[in-house]
Amino acid sequence: MKYLHLGKGTLVRDDEILGIFDLDITSQSHLTRKFLSMAEKAGQVVNAAEDLPKSFVLCRRDGQTRVYLSQMASSTLLRRAEERGQLSDS
């Protein structure tokens, strides 16, 4: 089992990751803003950022959805995951 570090000591399992998203780009969509707002109200958002978040990672484990906010850029998180063989195009 492999893990991806998101910040503030927060780790997620590679098999839980559904997507890694740039917060600045995706939050321009009203649908993404609505999704994040609903996730926050449902208690599904975990803040793993010590500063302003730059990305969010959507995860699912045991039928539960979690949205992790990270201060790391989505490109950095994606590169780390790919280097460890955690994410693939398949």
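The values are calculated or read from the model by the stated rules, or taken from the named source; none is laboratory data. Just so you know, these numbers come straight off a predicted model, no measurement behind them. FYI the Cβ positions are ideal-geometry reconstructions off the backbone, even for glycines, and counts take in every protein chain you see.
Quick notes on this one:
- T32 more than 10 Å from I20 (Cβ to Cβ), surrounded by fewer than 16 Cβ atoms within 10 Å (Cβ to Cβ) and touching a Ser or Thr at 6+ places or on another chain (Cβ under 8 Å): yes
- If the condition is being in contact with a helix residue (DSSP H, G or I) (Cβ under 9 Å, 6 or more places away or on another chain) and hydrophobic (A, V, I, L, M, F, W, C), then segment 1-24 contributes M1, L4, L6, I17, I20, F21, L23.
- So S55, is it of a type in the set (S, T, N, Q), at pLDDT 95 or above and under 10 Å from the mean Cα position of the chain (by Cα): yes
- If you check S74, S55, S37, S27 for being among the hydroxyl-bearing types (S, T, Y), touching a helix residue (DSSP H, G or I) at 6+ places or on another chain (Cβ under 9 Å), surrounded by fewer than 17 Cβ atoms within 10 Å (Cβ to Cβ) and without any contact (Cβ under 8 Å) to a residue 60 or more places away in the chain, only one passes: S27.
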